[in-house]
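Working notes, structure below.
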There are 4 protein chains.
Amino acid sequence: MIETVADADHAHHGYITDKDKYLNRLRRIEGQARGIHKMVEDEKYCIDILTQISALTSALEAVAVGLLDDHLRHCVVDAARLGGAEADAKITEATQAIARLVR
Amino acid sequence: MIETVADADHAHHGYITDKDKYLNRLRRIEGQARGIHKMVEDEKYCIDILTQISALTSALEAVAVGLLDDHLRHCVVDAARLGGAEADAKITEATQAIARLVR
Amino acid sequence: MIETVADADHAHHGYITDKDKYLNRLRRIEGQARGIHKMVEDEKYCIDILTQISALTSALEAVAVGLLDDHLRHCVVDAARLGGAEADAKITEATQAIARLVR
Amino acid sequence: MIETVADADHAHHGYITDKDKYLNRLRRIEGQARGIHKMVEDEKYCIDILTQISALTSALEAVAVGLLDDHLRHCVVDAARLGGAEADAKITEATQAIARLVR
């Protein structure tokens, strides 16, 4: 089998082993977003809509933390082994992503 | 035209004046969720996916704060005028929704 | 007894009934902040410091939600009864405070 | 000079190079906590207290993100070079700390 550049590129993207898990969770998240749209359309009670928004936000945060874990476990660890500027850059990038999530 | 109970009920749901604005924002949010699903499917770079998740979370928080503002401005103000247990219950309910968003 | 302007002013600040509860919680929060300073000074393990920062942030959020509840229950309800521009301004102010906490 | 185990242990705690910066920031955070206590004691306006709580929370989050960056840059990178179970454990630990901050 011929390994293409794309395959090699995929191979170092850390979340690939759990891809189906993420796709399922994101499909559920899309459904939640559609459900909230429907609630506003049907003029459901405001507090019930807020409860669904909180649930959706939590689901998104769980996906983000999962992706970050995979990223640290693969990309950052690989970069750490190479060391030097590449490792530094990967960690700066990861920290900035974490800062956006924490804020 | 006969006003049904449901119409009367809708009438006191505060976000109704801005319904189209919310529906547009929620349609965009659905699109963002679909985009993130596609990014994972296409195995885009993890950090770029995290950036989109942060953007989606911010968009959801903005909708939540907007709905909460409308809710305070209408339901809570109406209950406050009636006073008593009803007003207390509405505020407890609003505070619990805020606590879920802040957490 | 002469009621001063300050007393009258206090009277409409909603959190006053629970003042001791808040003061105790805030004293504990000060202690937590001092403890984190000491942990860095003593070069404790980074993850343990992060755990304490998360605990302190949660404690602060709980105080904020409590103060907000009191504020809605008193200032906002009072303004709602008066109605008009005053009520609108109070709710805008409360929503902005909520937005800062949610973000 | 005899290097004790404790010194050696300190040496691998990543934040040490910026210790003074962290101590200064944490001293300021203690001052902010004390200021919020004083505001409640003096019965300042609730919304102004909430603004100070938001500022304190942001300051704490910035310290947490800084410590996490240092932690990734040192402890996690060191563990990554060793590899194996140690690296995995360090990343699980870091992810759990991130999850507590994001939530």
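For A:Asp48, work out the one condition from (1) surrounded by 13 or more Cβ atoms within 10 Å (Cβ to Cβ); (2) modelled with pLDDT of 95 or more it doesn't fulfil.
For A:Asp48, the exception is condition (1).
Look at the stretch D:23-44 and say how many of its residues are more than 14 Å from C:Ala33 (Cβ to Cβ) and within 7 Å of chain C (Cβ to nearest Cβ).
Of the residues in that region, 3 qualify.
Just give me the residues in the stretch B:73-91 being in contact (Cβ under 8 Å) with a residue 24 or more places away in the chain and of a type outside the set (Asp, Glu), in sequence order.
First pass over the stretch B:73-91, keeping only residues in contact (Cβ under 8 Å) with a residue 24 or more places away in the chain: B:73-75, B:78.
B:Arg73, B:His74, B:Cys75 - these are the residues of the stretch B:73-91 that are in contact (Cβ under 8 Å) with a residue 24 or more places away in the chain and of a type outside the set (Asp, Glu).
Kindly evaluate D:Ala97 against the criterion of being out of contact with any Cys (no Cβ under 6 Å at 6 or more places or on another chain), buried (at least 21 other Cβ atoms within 10 Å of the Cβ), aliphatic (A, V, I, L, M) and over 26 Å from A:Ala59 (Cα atoms).
no
Do you know which residues across the stretch C:53-90 are over 30 Å from C:Val40 (Cα atoms), under 17 Å from the mean Cα position of the chain (by Cα) and within 8 Å of chain B (Cβ to nearest Cβ)?
C:Leu68, C:Asp69, C:Leu72, C:Arg73, C:Val76
Here are B:Ile91, B:Ile49, B:Ile36, B:Ile53: which of them is among the aliphatic types (A, V, I, L, M) and within 22 Å of D:Thr57 (Cβ to Cβ)?
B:Ile53
The values are calculated or read from the model by the stated rules, or taken from the named source; none is laboratory data. Predicted model, so just to flag it, every value in this text is computed and none were measured. So basically every Cβ, Gly included, is an ideal-geometry build from the backbone, and we count neighbours across all protein chains shown.
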